[in-house]
Amino acid sequence: MTEKELFDLVILIGEGIVENGGEISRATETMEIVAAHYGIRDFKAFAIANGIFASALSADGTNYSCKITCVSLSPIRLSRVEALNGLSRSVADDRCTPEEAREQAVRICGMDSAGKWKSILAAGVGSACFCYLFAGGAADCAAAFFSGSAAYAFIKLVAPRFVPSNLSMQIIGAMIAAFMSCLLLGLGLGNSLNRVIIGSIFPMTPGVSLTNSIRNFLENDYLTGLIRLVDALVTAGCLACGVGLAMQLWNLIIQGAIL
Amino acid sequence: MTVRMGAFQVAAAVIGTAAFAVLFDVPPKRILFCGLTGGVGWLIYLVARHYLQSAYTATLLAAIGLAVCSRALATLCKAPSIVFLICGIFTLVPGAGIYYTAYYMLLGKNAQSVANGLDTLKITLMIALGIIIAYSLPHSLFGWKKSPRTSGK
């Protein structure tokens, strides 16, 4: 394998870890371990939540090479982080040639996530459980199950084909969840609108990225912390917009302005 | 709160965390452990809130407990601890708080928005602190001979 291909392999591994929700420090460390093991000279990497900057010295020591990689902020996929972590370990233990490692890394970065229907069902169950934790009754939980699944069905089935931007996907998703909640309550399923709505949009709330961002701040990684913080705030704003719009719409329907 | 209601709540936390583990695409064989981590966190939170009467202290203790739990599970299953940690903290994270902050801001209820925002910030700080405390415990406590990521190097 040429020097360039080795350098690309190392960055591919780091990119996979950052993109799928691994810690930034884990990504940098893993890249440095793999690079050191495959004999890339003087490898240094700087990673933030949406990019990796890496440089290395050529084998004869005359040139530096540098690569800038953009990483998209995408949903967390822990199975890939785990697989990449395992790969870096087998590299460090000498159980993997560079060719094998590249093959594995490419396979891992294309690995399928859980099936669509499975995640829709999981979102519904999660919504119902969290509605219960927010002191909802059995009927509230049932309503949260249906509206949470409906919102996630939109995100998983419809949005990838028709809605290009993340922002509008979140707004419409929250609208569907809130509108379904109003509808189910109107039909007599559930008692507290607030609890049903918060349960059904819970799978979309940015609680984990907010916590990760504060953790980054406390670990002195201010840049990544700021990126994730702003991302979390924008997401929360989108959800609030969506819910607000859906409730306005519902009120209009109730008052007979539309029908 | 009665013991029976508490048991129901912990069960809901276990199932809910397991469901979110599916959404975060955790490998199927780890989902049960992720659920248990979430259950441990919520159990500590409920007990601590009952005896200490403070949601913040309870959150801190719960975060420490579940981060320790996920590190122990990481050693047991030979998987990165982040797999269990990210799922486990889902019961504690103030997803509702940040949403209410934005929602009240849109409605123009500024006082409620600020109150919710500060509350969210404090709870998030507690969780992050708890995780950092648990991660600063020595590796040898969890059965690693050396630091995990450089082992075998």
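The values are calculated or read from the model by the stated rules, or taken from the named source; none is laboratory data. Since the structure is predicted, the reported quantities are computational estimates derived from the model, not experimental observations. Heads up, the Cβs are rebuilt from the backbone with ideal geometry, glycines too, and the neighbour counts pull from every protein chain shown. In case anyone asks, the SASA skips ligands and DNA or RNA and just uses the protein heavy atoms, side chains included. Shrake-Rupley method; radii C 1.70, N 1.55, O 1.52, S 1.80 Å.
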Original post:
Could you give the nm distance between label points at B:Thr57 and A:Asn191, where each point is 7 Å from its Cα heading toward the beta carbon?
Top reply: 3.2
**OP:** Determine the distance separating the Cα centre of segment A:141-195 from the Cα centre of segment A:3-31; give it in Å without decimals.
**Re:** 36
**OP:** Be a star and scan segment B:63-103 for residues whose amide nitrogen sits under 14 Å from the point 7 Å along the Cα-to-Cβ vector of B:Ile133.
**Re:** B:63-69
Original post:
How large are Rg and Dmax for the protein assembly as shown when only the alpha carbon atoms are used, in Å?
Top reply: 22.3, 78
**OP:** Just subtract the alpha-carbon distance of A:Gln255 and A:Glu99 from 0.36 nm times their residue separation and send over the number in nm, one decimal.
**Re:** 49.5 nm
Original post:
Karplus couplings for segment A:51-61 from phi (6.51 cos²θ - 1.76 cosθ + 1.60, θ = phi - 60°), rounded to Hz, Gly and Pro as x?
Top reply: x, 10, 10, 9, 9, 8, 9, 5, 4, 7, x
Original post:
Hey, what angle do you get for helix A:3-19 against the long axis of chain A, alpha-carbon based, 0 to 90 degrees rounded to 10?
Top reply: 20
Original post:
Helix A:24-37 versus the longest principal axis of chain A: what is the Cα-based angle in degrees, 0 to 90, to the nearest 10?
Top reply: 30
**OP:** Could you count how many Lys pairs in the protein assembly as shown have their Cα atoms under 24 Å apart, skipping same-chain pairs fewer than 8 positions apart?
**Re:** 17
Original post:
Residue-wise, which Karplus ³J(HN,Hα) couplings in Hz belong to segment B:112-119, taking 6.51 cos²θ - 1.76 cosθ + 1.60, θ = phi - 60°, and x for glycine or proline?
Top reply: 5, 4, 5, 4, 5, x, 5, 4
**OP:** Could you sort the residues of segment B:70-100 by number and keep only those whose accessible area is reduced by 30 Å² or more in the all-protein-chain setting relative to the chain alone, 1.4 Å probe?
**Re:** B:Pro80, B:Ile82, B:Val83, B:Ile86, B:Phe90, B:Val93, B:Gly95, B:Ala96, B:Ile98, B:Tyr99, B:Tyr100
**OP:** Would you mind calculating the relative contact order of chain A from Cα pairs under 8 angstrom and at least 6 residues apart, reporting the percent as a whole number?
**Re:** 15
**OP:** Could you work out the mean projected area of the convex hull around the alpha carbons of segment A:181-247, in square nanometres to one decimal?
**Re:** 4.7
Original post:
Just how much of B:Ser113 is accessible, in Å², when a 1.4 Å probe is used and the result is rounded to the nearest 10?
Top reply: 10
Original post:
When only C-alpha pairs under 8 Å and at least 6 residues apart count, what is the relative contact order of segment A:58-191, in percent?
Top reply: 20
Original post:
Using the alpha-carbon centroid of each, what span in Å lies between segment B:47-75 and segment B:114-142?
Top reply: 10
Original post:
Counting pairs of alpha carbon atoms under 8 Å apart in space and at least six apart in sequence, what relative contact order in percent does chain B give?
Top reply: 23
Subject >> Contact surface A-B: accessible area buried, both sides summed, square angstrom, 1.4 angstrom probe >> reply: 4800
**OP:** Take the Cβ-Cβ distance between B:Leu121 and A:Ala135 as r, set R0 to 30 Å, and report the resulting FRET efficiency rounded to the nearest 0.05.
**Re:** 0.85
Subject >> From phi via Karplus (6.51, -1.76, 1.60), per-residue ³J(HN,Hα) for segment B:82-97 in Hz, x at Gly/Pro >> reply: 4, 4, 7, 5, 4, 6, x, 6, 4, 6, 8, 4, x, x, 5, x
Original post:
If you count, for every residue in A:118-128, the Cβ atoms of partner chains within 10 Å of its Cβ, what is the mean?
Top reply: 4
Subject >> Positive minus negative residues near B:Ala74 (Lys, Arg vs Asp, Glu; Cβ under 11 Å) >> reply: +2
Original post:
What residues qualify as long-range amide H neighbours of A:Arg41, i.e. H under 5 Å apart, gap of 5 or more or another chain, H built at 1.01 Å from N?
Top reply: A:Leu57
